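Here the structure is laid out as structure tokens; the discussion comes afterwards.
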Amino acid sequence: QIYRRMLAAFAPQPVVMRTLDIGGDKTLPYFTIEENNPFLGWRGMRFTLDHPEIFVTQLRAMLRANVELDNLRILFPMITTVEELDEALRLLDRAGQELREEGLPVSRPPVGVMIEVPSAAWQTEQLARRADFLSVGTNDLTQYTLAVDRDNARVAGLYDNLHPAVLKTVAYIIEGGRRSGRPVNLCGEMAADPGSAVLLLGMGVDSLSASATSVPRVKWAIRSFSHAEACELARQALQLETAREVRCLLND
């Protein structure tokens, strides 16, 4: 019922729903997961694939809510291997088949993959062949690329999504999406920063997802630059060696 209200409120515009994404810094009071290193542990798709009864129930609810509206997009979080995506898609098809056998006219909606870890980033094209769109989660991708826990005060200063390694990884994902003919969305703190937004558009990202309060500033920045200027900015940034140099370039 909640999913149906969400889809109906925005129809015919698409609504992207992420499947259950817990673990790391995302906790549930009624499902405690205690681990020594939760960010490298039982989270995202790893958790839901180990609990198909939860996963399939959620997928069935999404598919049922989408009947006749047809504006649902499903996003799988924290994919780290091709096998995980294959299994998630198999369970999605199972949920759809069950509902059709029950007499509901459900169809498989477009499916996206969240690329949040280096292993997924470097298999972008393999994942894109199985999915309909890609979504780059820059907060976790930065954390895993730099091996920095952004919630740890001792090392938080090392966390920087303008680090050249992060920028090169994002550029690789965007290029992989382009070669595969799949749109690439980008979310996280990076998408909410005006300078970074222009840089990302120069790299070729198709869409940005940011908090509502950030949208006016980001839109202002985008409208202040031509596409050619954004591409040149991206070209220069990808040649720099430190995050400080990239930040100075954007500020200038």
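The values are calculated or read from the model by the stated rules, or taken from the named source; none is laboratory data. The structure displayed is predicted, hence computed values, not measured ones. No Cβ is skipped: glycine too gets one built from the backbone with ideal geometry, and neighbour counts run over all protein chains shown. The area values use the complete protein model at the heavy-atom level, side chains included, leaving out ligands, DNA and RNA. Shrake-Rupley method; radii C 1.70, N 1.55, O 1.52, S 1.80 Å.
Taking every protein chain into account, the accessible area of the stretch 46-108 amounts to 46 square angstrom per residue (probe 1.4 Å).
Rounded to the nearest 500 deg cm²/dmol, what is the calculated helix-only ellipticity per residue at 222 nm for the chain, with -39500 (n - 2.57) per DSSP H run of length n ≥ 4?
Details: 13 runs with 127 residues, N = 252.
Per the formula, -14500 deg cm²/dmol.
Rolling a 1.4 angstrom probe over the chain with all protein chains present gives an accessible area of which 52% lies on carbon and sulfur atoms.
Subtracting the Cα-Cα distance of Ala147 and Arg179 from their residue separation scaled by 0.36 nm leaves 8.7 nm.
Hey, can you find the accessible area per residue of the stretch 206-252 for me, probe 1.4 Å, expressed in square angstrom?
74 Å²
Matching the structure-derived Rg and Dmax of the Cα atoms in Å against the labelled list [x] 21.1, 66; [y] 17.8, 59; [z] 18.9, 60 gives the label [z]. The antiparallel fraction among DSSP beta bridges confined to the chain stands at about 10%.
Per residue, the accessible area of the stretch 109-189 comes to 39 Å² when a 1.4 Å probe rolls over the protein heavy atoms. A dipole drawn for the stretch 121-221 from +1 and -1 charges on Cβ atoms has a positive end, and of Val166, Gln126, Gly181 the residue lying farthest that way is Gly181. Label-to-label distance, Ala61 versus Leu238, with points set 7 angstrom from Cα along the beta-carbon direction: 4.1 nm.
Residue separation of Asp93 and Cys248 scaled by 0.36 nm, minus their Cα-Cα distance, works out to 51.0 nm of gained length.
With the chain treated as a Gaussian network of Cα nodes joined by springs under 10 Å, which of Glu102, Glu229, Glu87 yields the largest mean-square fluctuation? Highest fluctuation of the listed residues: Glu102.
Rolling a 1.4 Å probe over the protein heavy atoms leaves Met6 with an accessible area of roughly 80 Å². Ile173 sits with roughly 0 Å² accessible to a 1.4 Å probe, with DNA, RNA and ligands left out of the calculation. Extension gain, Ala9 to Arg154: 0.36 nm times the residue separation minus the Cα-Cα distance gives 47.8 nm.
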